[in-house]
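The values are calculated or read from the model by the stated rules, or taken from the named source; none is laboratory data. Note that the coordinates shown come from a computational prediction; the quantities given were computed from them, not determined experimentally. Here the Cβ positions follow ideal geometry from the backbone for every residue, glycine too, while neighbour counts run over all protein chains shown. What goes into the accessible areas is simple: the full protein's heavy atoms, side chains included, and nothing from ligands, DNA or RNA. Shrake-Rupley method; radii C 1.70, N 1.55, O 1.52, S 1.80 Å.
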Amino acid sequence: MNNCRLAFLGWPEIVAILAVVLLLFGAKKLPELAKGLGKGINEFKKASRDVQDEIERAVEEPPPAPRTPPPSQTAANQSQTQPDSSAQS
């Protein structure tokens, strides 16, 4: 038996699912349910599009230049890390 065919729904299954949904929610709630589902799908598509655009923008931007400390801080750090020659005597 082909396992891939088990994943697909045929017409009888779709009709049965629609009948159960109709019984659970009623005819009056179905338009509201469909409208909410449509809005949710649109919001999801918009969010995924925004994320994809942000990724594309980040790829197109050049990487930031490495930051170098100002010269005054570099000299101060070097004097702190060098051992004091008078302390060795």
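Set the Förster distance to 41 Å, then compute FRET efficiency between E56 and V20 from the Cβ-Cβ distance, nearest 0.05. Mind dumping the intermediate values first?
Details: r = 42 Å, r/R0 = 1.03.
That gives a FRET efficiency of 0.45.
Rounded to whole Hz and in sequence order, give me ³J(HN,Hα) for region 19-31 from the Karplus expression 6.51 cos²θ - 1.76 cosθ + 1.60, θ = phi - 60°, writing x for Gly and Pro.
Residue by residue, region 19-31 yields 5, 5, 4, 5, 5, 5, 9, x, 5, 6, 8, 4, x Hz.
Please enumerate, by chain and number, the aspartates and glutamates with C-alpha under 16 Å from the C-alpha of K35, excluding those fewer than 8 residues away in the same chain.
K35 reaches E43.
For region 47-54, take each phi angle, set θ = phi - 60°, evaluate the Karplus expression 6.51 cos²θ - 1.76 cosθ + 1.60, and give the result in whole Hz per residue in order, putting x for glycine and proline.
Once rounded to whole Hz, the list reads 5, 5, 5, 5, 5, 5, 4, 5.
Sorted by accessible area with a 1.4 angstrom probe, largest first, how do F44, F25 fall? Numbers along the way, then the final one.
Details: F44 145, F25 100 Å².
Heavy-atom accessible area, descending, gives F44, F25.
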